[in-house]
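See below for the structure under consideration.
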Amino acid sequence: MTAPGTFAIYAGAALAEIAGCFAVWAWMRQGASAIWLVPGVASLAAFAWLLALAPSDFAGRAYAAYGGVYIATSLLWLWMVEKQRPDAWDLTGGAICLFGAAVILFGPRAMGS
């Protein structure tokens with residue numbers, strides 16, 4: 001799979017996970033209707049399905065690389081949905097996480113590892 005395809009899977013999974021968790025957050029912490037849980041559960045199921053499509057022979061490696069994309073996507077959610085602009089520390093941390101995810105995903109591997 002190409003790097004853009006891999007990134008698209010991770011970004012889609014991150015968006016699905018964040019949306020699903022936000023639905024629960026809205027219900028529990030913001031007084032939203034319990035109906036929010038229906039799309040929340042569907043979104044979390046989509047997250048699991050998308051992450052299972054990640055091109056890795058080992059789940060742990062796929063999850064570790066996904067973590068960096070999740071953090072960066074969370075910062076976009078903070079800005080776009082919650083209307084809070086990430087500060088310089090948020091952006092620096094997100095960039096470091098994306099770099100780490102790229103190292104995990106695309107670093108050279110010995111056969112069988």
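Tabulated results
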{"item": "The range 22-43 residues that are without any contact (Cβ under 8 Å) to a residue 12 or more places away in the chain, paired with ones that are of a type in the set (Gly, Ala, Ser) and buried (at least 16 other Cβ atoms within 10 Å of the Cβ) (beta carbon under 7 Å, 6 or more apart)", "result": "Ala26/Ala32"}
{"item": "Candidate set from the range 80-108 (those that are free of Cβ contacts under 8 Å to residues at least 60 places away in the same chain and small (Gly, Ala, Ser)); member that is surrounded by the most Cβ atoms within 10 Å (Cβ to Cβ)", "result": "Gly94"}
{"item": "Positions within the range 1-10 being more than 15 Å from Tyr63 (Cβ to Cβ) and either among the aliphatic types (A, V, I, L, M) or touching a Lys or Arg at 6+ places or on another chain (Cβ under 9 Å) (or both), in sequence order", "result": "Met1, Ala3, Ala8"}
{"item": "Number of the exception - Tyr66 against (1) under 14 Å from the mean Cα position of the chain (by Cα); (2) surrounded by fewer than 16 Cβ atoms within 10 Å (Cβ to Cβ)", "result": "(2)"}
{"item": "Candidate set from the range 49-60 (those that are touching a residue at least 24 places away in the same chain (Cβ under 8 Å) and either in contact with a Lys or Arg (Cβ under 9 Å, 6 or more places away or on another chain) or hydrophobic (A, V, I, L, M, F, W, C) (or both)); member that is surrounded by the fewest Cβ atoms within 10 Å (Cβ to Cβ)", "result": "Leu53"}
{"item": "Criterion (charged (D, E, K, R) and part of a helix (DSSP H, G or I)) met by exactly one of Glu17, Glu82", "result": "Glu17"}
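Here, each number is a calculation from the coordinates, and none is a lab measurement. Just so you know, these numbers come straight off a predicted model, no measurement behind them. Note: ideal-geometry Cβ built from the backbone for every residue, glycine included; neighbour counts use all protein chains shown.
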